[in-house]
Every structure is written in C-alpha cells, then in structure tokens.
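Data first, discussion second: the structure below is written as structure tokens.
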Amino acid sequence: MNITEMQNRIIELKKAKDVCILAHSYQAHEILEIADFTGDSYKLSVDASKVKNKNILMCGVRFMAETCKILSPEKTVYLAQPTAGCKMAEQMDRQLISKVKQDYPNHTVVAYINTTADLKTICDVCVTSSSAVKIVNNIENKDILFIPDCNLGDYVAKQCPDKNIKLLNGGCPIHACVNTSDVEKAKELHPDAEILVHPECRPEIVAMADYVGSTSGIMEYAKKSDKKEFIIGTEISIAEHLQYECPDKKFYPLSLKLICSDMKATTLVDVLDCLNGTGGEEIVLDKDTISSAKKCIDEMIRLG
Ligand code: 13P
Ligand code: SF4
C-alpha cells in the first residue's frame with residue numbers, strides 16, 4: 001500500500017468504526033492529513049471533551065491519550081503507538097511530589113499537562129503552554145508550586161510578578177538542548193528572520209525570541225505575520241508544517257537537535273494497525289484516578 005492508499009483506508013475505517021483521530025501538531029504531515037482535530041495540547045484536550053464519537057485515537061504521546069480518557073471516561077481511547085511517552089512527563093511521579101508538597105503545604109500545585117494521570121491526582125490545577133500565564137494569574141492563592149517544567153515555570157513567573165512561584169528542576173530535555181550559540185548561528189545565517197520559540201526552551205533562549213508561545217501559538221503567529229522568514233524554536237516538525245502551509249515564507253529550525261523521538265514514533269502503519277485491532281494500546285485508568293485527575297483538568301478549563 002502506498003501512503004495515499006493507506007490514508008484512504010484509514011479514513012474508511014475511522015468512519016466505519018466511529019473513531020475520532022486527534023493528532024498533536026508535532027506529528028508527521030501525513031498523519032495530520034488523516035486527523036479530525038490537530039493542534040497543541042490545550043486545543044486537543046478541549047476538542048477531545050466535545051467529540052461525539054465512541055472511540056478516540058490519539059496520535060501523540062501517552063499523557064495526551066490519558067487526558068482524553070480522563071475527560072471522556074465513557075469513550076474507548078487508544079494511543080496509536082504505545083512506546084510514545086514524554087520524557088518530561090516521566091521525570092516526576094506521585095510519590096516524589098507528595099513528599100515535596102509536605103514542604104509547601106499552603107501552595108497551590110500547578111501541573112503542566114505534560115504529567116502522568118497518576119501525578120495529576122494530587123495536583124490542584126493543570127496548565128498547558130498556551131494557557132499557563134492566564135491560569136496562574138487567575139488562581140487566588142499567591143503561593144504556587146509549579147511542576148515539572150522549570151523553563152515554562154520561569155516564563156510564567158516573569159509574566160505573573162505578583163505570584164510567589166516555587167520551581168523544581170524538571171523540563172523537556174529536547175527543548176533544553178538549545179543554547180545561545182544555536183540562536184546566534186541561526187541569526188547570522190538568517191538575519192531578517194523572526195525568532196519564535198516554545199516556553200519549554202531555557203530562559204536565555206526565551207529572552208532572545210521575538211515571540212514565545214505554544215506549538216499552535218507559534219503556527220498562528222507565523223501565518224498572520226507580514227514577515228517572510230522565521231526561525232522556529234520548537235520540534236522541527238513545526239517548521240516543516242509551516243513550510244507546507246505558507247509556501248511564500250521561509251521557515252528554519254532553530255536547531256536540528258529539536259527532534260522528539262517520542263512524537264516521531266507514530267507512523268501511518270501504527271494508525272492503520274490500531275484501527276484494524278492489531279496495534280495501538282487502549283488507555284485504561286481506574287475510576288479513582290480518573291475522578292481525582294479530572295478535578296485538576298476541569299480547573300484548567302474553568303480558569304483557562
Ligand atoms: P504544546 O502545549 O505547545 O502542544 O506543547 C506540548 C509539548 O509537548 C511541547 O514539547
Ligand atoms: Fe515531551 Fe519534550 Fe517530546 Fe514535548 S518535546 S512531548 S515535552 S519530550
């Protein structure tokens with residue numbers, strides 16, 4: 001089967017089996033083409049809560065599929081590629097954060113959505129990169145324990161100077177690889193380009209950027225801008241998608257180190273196998289986990 005035949009078979013099967021396919025913006029172009037909804041983690045979590053289909057197939061990473069299951073426990077939720085985790089989400093677990101919370105009993109625990117469902121059960125509110133500043137500003141408590149990403153947390157702290165934000169030493173190892181010399185080199189090569197970065201990058205990279213935002217935020221900004229050239233400081237797939245969508249503009253990845261192997265793990269074959277019942281993984285969470293983690297995600301939707 002070639003790519004088009006595979007895509008056509010996927011489209012037939014998803015209709016026949018009442019499956020809604022969600023794909024994060026970091027997925028490959030051929031996967032975005034067969035998805036019903038695409039976007040950043042916030043948009044996908046809201047889309048997932050509204051879909052009418054009985055089944056959801058997530059092309060992304062495990063915490064995203066878990067979020068769908070938490071928001072739609074009556075639906076059957078599949079992760080297309082079971083090995084697709086998130087290196088940041090795997091850094092901190094419930095046991096560790098339970099201990100940390102004892103040192104900060106009066107802090108509101110704000111969890112980046114890139115956390116496991118199990119960890120979310122002991123947090124107060126979730127945030128995504130596109131909603132974090134607004135949500136933290138809307139929290140009544142001044143004292144915040146922000147987990148796990150210290151780079152996103154630092155960005156939020158700078159935008160919310162009235163809050164007292166305690167950060168831990170976690171984050172995305174892929175975004176954290178970018179250093180100031182990568183930015184300097186990219187600027188030298190493309191002096192007219194604007195620099196758009198994800199807040200998972202280190203603070204010194206964020207400080208050098210013209211725009212800071214989520215994956216969808218970066219895409220929207222670049223599409224609307226009158227500028228013609230952009231250096232993209234997030235997973236390299238975003239530069240590729242933008243190049244397809246805006247052929248008269250030029251997009252350059254900030255660094256070729258910006259490759260998330262977990263996001264790259266899902267293929268069209270995985271999607272087809274999952275729809276055929278020979279691959280993928282059904283996400284199973286117990287009732288208590290769903291109801292405790294849901295409070296944290298509901299708070300995100302309420303405050304976001
Ligand atoms: P977004 O919230 O921008 O989709 O980012 C998710 C992510 O994993 C970025 O590395
Ligand atoms: Fe997780 Fe980083 Fe990959 Fe995003 S880029 S899914 S934060 S490992």
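Before moving on, here are some points about what is shown:
- Qualifying residue in the stretch 80-92 (condition: over 17 Å from Ala28 (Cβ atoms), more than 16 Å from ligand 2 (Cβ to nearest atom) and crowded, with 24+ Cβ neighbours inside 10 Å): no
- Positions within the stretch 134-155 being under 15 Å from Ala207 (Cβ atoms) and either more than 16 Å from ligand 1 (Cβ to nearest atom) or among the aliphatic types (A, V, I, L, M) (or both), in sequence order: Leu152
- Whichever residue in the stretch 161-192 is within 29 Å of Asp262 (Cα to Cα) and part of a loop (DSSP other than H, G, I, E, B) and, among such residues, is nearest to the chain's Cα centre (by Cα): Cys172
- Failed condition for Lys158, given (1) outside any helix (DSSP H, G or I); (2) more than 13 Å from ligand 1 (Cβ to nearest atom): (1)
- Annotation note: of Ser45, Ser49, the sole residue that is touching a residue at least 12 places away in the same chain (Cβ under 8 Å), in contact with a helix residue (DSSP H, G or I) (Cβ under 7 Å, 6 or more places away or on another chain), within 16 Å of ligand 2 (Cβ to nearest atom) and not in a loop (DSSP other than H, G, I, E, B) is Ser45.
- Filtered residue count, the stretch 161-181, keeping only those that are under 12 Å from Ala111 (Cβ atoms) and within 16 Å of ligand 1 (Cβ to nearest atom): 1
- Candidates Lys101, Lys54, Lys43, Lys50 - the one that is crowded, with 17+ Cβ neighbours inside 10 Å and of a type in the set (D, E, K, R): Lys43
- Test: residue in the stretch 197-209 that is in contact (Cβ under 8 Å) with a residue 40 or more places away in the chain, among the hydrophobic types (A, V, I, L, M, F, W, C), part of a loop (DSSP other than H, G, I, E, B) and crowded, with 17+ Cβ neighbours inside 10 Å: yes
- Test for Ile113: is it crowded, with 16+ Cβ neighbours inside 10 Å and under 22 Å from Gly39 (Cα atoms): yes
- All positions within the stretch 230-254 that are part of a strand (DSSP E or B) and either among the aromatic types (Phe, Trp, Tyr) or surrounded by fewer than 22 Cβ atoms within 10 Å (Cβ to Cβ) (or both): Phe230, Lys250, Phe251, Tyr252, Pro253
- No other residue among Ile70, Ile56 is away from ligand 2 (no atom under 16 Å from the Cβ), in contact with a Lys or Arg (Cβ under 7 Å, 6 or more places away or on another chain), under 25 Å from Arg302 (Cα atoms) and part of a helix (DSSP H, G or I) apart from Ile70.
- Per-region count, the stretch 213-255, residues away from ligand 1 (no atom under 16 Å from the Cβ) and more than 22 Å from Tyr155 (Cβ to Cβ): 14
Yes/no per residue for (1) small (Gly, Ala, Ser); (2) within 16 Å of ligand 2 (Cβ to nearest atom); (3) part of a helix (DSSP H, G or I):
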site: Asn106; (1), (2), (3): no, no, no
site: Val109; (1), (2), (3): no, no, no
site: Asp118; (1), (2), (3): no, no, yes
site: Cys126; (1), (2), (3): no, yes, no
site: Ser129; (1), (2), (3): yes, yes, no
site: Val133; (1), (2), (3): no, no, yes
site: Val136; (1), (2), (3): no, no, yes
site: Asn141; (1), (2), (3): no, no, no
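- Every pair of residues 6+ apart whose Cβ atoms lie under 6 Å, when the first sits in the stretch 236-247 and is farther than 11 Å from His29 by Cβ while the second is assigned to a loop (DSSP other than H, G, I, E, B): Ile236/Leu258; Ile236/Ile259
- Among the candidates Lys223, Lys257, Lys227, residue that is surrounded by fewer than 16 Cβ atoms within 10 Å (Cβ to Cβ), in a loop (DSSP other than H, G, I, E, B) and without any contact (Cβ under 8 Å) to a residue 40 or more places away in the chain: Lys227
Read the figures in this text as sums done on the coordinates, not as results from a lab. Remember, predicted model here, so these are calculated numbers, not experimental data. In this analysis, Cβ positions are derived from the backbone assuming ideal geometry, glycine residues included, and neighbour counts consider all displayed protein chains.
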